[in-house]
1. Here are some residues: Glu111, Glu138. Which one is assigned to a strand (DSSP E or B), free of Cβ contacts under 8 Å to residues at least 40 places away in the same chain and closer than 16 Å to Leu50 by Cβ?
2. Looking at the range 88-98, is at least one residue within 18 Å of the chain's Cα centre (by Cα) and aromatic (Phe, Trp, Tyr)?
3. Go over the candidates Thr145, Thr126, Thr118, Thr113 one by one and state the one that is β-branched (Val, Ile, Thr) and exposed (fewer than 12 other Cβ atoms within 10 Å of the Cβ).
4. Being acidic (Asp, Glu), in contact with a Phe, Trp or Tyr (Cβ under 9 Å, 6 or more places away or on another chain) and modelled with pLDDT of 95 or more is true for just one of Glu111, Glu69, Glu45. Which residue is that?
5. Considering only residues that are more than 22 Å from Ser142 (Cα to Cα) and among the small types (Gly, Ala, Ser), which ones fall in the range 64-81?
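The values are calculated or read from the model by the stated rules, or taken from the named source; none is laboratory data. Note that this is a predicted model, so its numbers are computed, not measured. Ideal geometry is used to build each Cβ from the backbone, glycine not excepted, and the neighbour counts take in all protein chains shown.
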Amino acid sequence: MKKVTLLLSLAATVLSLASCEKELENVNTPDQAAAASAVKTLTVEEKTSLLTTGDWKLTKMSATSGQTETNLLVMLKADESDNLSKFRAAGQFLQDEGAAKRTEETPQQSEGTWAFSTDGSQLDITNAGVTTQYQVAEVSASSLTLTRTSTDTEGKSTTITSVYSH
């Protein structure tokens, strides 16, 4: 009787292990999971709709050069860190100074323009007569991530990543 119980227990264990092995075969590898969860590429119209909904506040800013990443947000002055970027329809850009302004004479808002490239991968922002071109890493209902890379005279590249949130 003990042998029958032992054999039944052993058979149940083997069957459950075989079942687990089958389940493991169906589990995605990290690469498969990433591909499965990849978000479809947004059209320029969809990106425009997301960009022009609400005001954007800078929540993270970093510089990466080689393996070194530097937090730039902590280096901003109070009158810079509370600014809001406003992307409006028809390419109008507004930079709002927020509650803290450098001086009382500083205008509350400065105006400029913005435009996506034809494929939406780049965003050009012109403010105070200066145009800056960014790579669009992400634009969603709650997050905007822009990057730009510059190379110094010695050939060393630095990438600035700016993350904005509503």
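1. Details: Glu111 fails: closer than 16 Å to Leu50 by Cβ.
Selected residue: Glu138, the only one of Glu111, Glu138 that is assigned to a strand (DSSP E or B), free of Cβ contacts under 8 Å to residues at least 40 places away in the same chain and closer than 16 Å to Leu50 by Cβ.
2. Scanning the range 88-98 turns up no residue that is within 18 Å of the chain's Cα centre (by Cα) and aromatic (Phe, Trp, Tyr).
3. On the way: Thr145 fails: exposed (fewer than 12 other Cβ atoms within 10 Å of the Cβ); Thr126 fails: exposed (fewer than 12 other Cβ atoms within 10 Å of the Cβ); Thr113 fails: exposed (fewer than 12 other Cβ atoms within 10 Å of the Cβ).
Result of the check over Thr145, Thr126, Thr118, Thr113: Thr118.
4. Details: Glu69 fails: in contact with a Phe, Trp or Tyr (Cβ under 9 Å, 6 or more places away or on another chain); Glu45 fails: in contact with a Phe, Trp or Tyr (Cβ under 9 Å, 6 or more places away or on another chain).
When all the criteria are applied, what remains is Glu111.
5. The answer is Ser65, Gly66, Ala78.
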